[in-house]
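Remarks on the structure that follows.
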Amino acid sequence: QVQLVESGGGLVQSGGSLRLSCAASGSVAAHNSMAWYRQAPGKERELVAAISGRGITKYADSVKGRFTISRDNAKNTLYLQMNSLEPEDTAAYYCNVGLYFSDSYIPYDYWGQGTQVAVSS
């Protein structure tokens, strides 16, 4: 059983920053890969960033250079530092446990409840 709880969302102006956190509990180990997804209204859920158990990272082209994914294995917590936010980043953000293999991320069916990010222009 895996539990994921996201936090840190909110309303921010364009150009601002937010730091999302995802507290993981249950059957989540340091070697598990994890990721952040987001879903905007009327759009499909998309991968934002992923990190392997060894710290290898992968980013969507739209967030490269602005977002940073990291993890604190001692705290079982996943982070997403988001800088230079744009209105297009407005979405519900979800963390996930999955498999990072050969530069691809495959999500397992473990999702948190999400945290809402809204960026005003």
TODO: Considering only residues that are out of contact with any helix residue (DSSP H, G or I) (no Cβ under 9 Å at 6 or more places or on another chain) and of a type in the set (Phe, Trp, Tyr), look in the stretch 38-83 and name the one that is farthest from residue 100 (Cα to Cα).
DONE: 79
TODO: Output the number of the condition that residue 46 fails; it satisfies all remaining conditions of (1) within 11 Å of the chain's Cα centre (by Cα); (2) closer than 23 Å to residue 120 by Cα; (3) open to solvent by less than 50 Å² (accessible area, probe 1.4 Å).
DONE: (3)
TODO: Please indicate, with yes or no, whether at least one residue in the stretch 44-58 is among the basic types (Lys, Arg), touching a residue at least 24 places away in the same chain (Cβ under 8 Å), touching a strand residue (DSSP E or B) at 6+ places or on another chain (Cβ under 8 Å) and under 20 Å from residue 116 (Cα atoms).
DONE: yes
- [ ] Scan 66, 19 and give me the residue that is over 17 Å from residue 112 (Cα atoms) and open to solvent by 10 Å² or more (accessible area, probe 1.4 Å).
- [x] 66
Open item on the list: Just to check your reading of the model, which residue among 33, 121, 84 is in contact (Cβ under 8 Å) with a residue 12 or more places away in the chain and either in contact with an Asp or Glu (Cβ under 7 Å, 6 or more places away or on another chain) or surrounded by 22 or more Cβ atoms within 10 Å (Cβ to Cβ) (or both)?
Closed with: 33
Open item on the list: Just to verify a result, which residue in the stretch 77-121, among those that are in a loop (DSSP other than H, G, I, E, B) and more than 14 Å from the chain's Cα centre (by Cα), is modelled with the lowest pLDDT?
Closed with: 102
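The values are calculated or read from the model by the stated rules, or taken from the named source; none is laboratory data. Here the structure is a predicted model, which means the values were calculated and not measured. Neighbour counts run over all protein chains shown; Cβ positions are idealised from the backbone, glycine included. Calculation scope for accessible area: heavy atoms of the full protein, side chains included, ligands and nucleic acids excluded. Shrake-Rupley method; radii C 1.70, N 1.55, O 1.52, S 1.80 Å.
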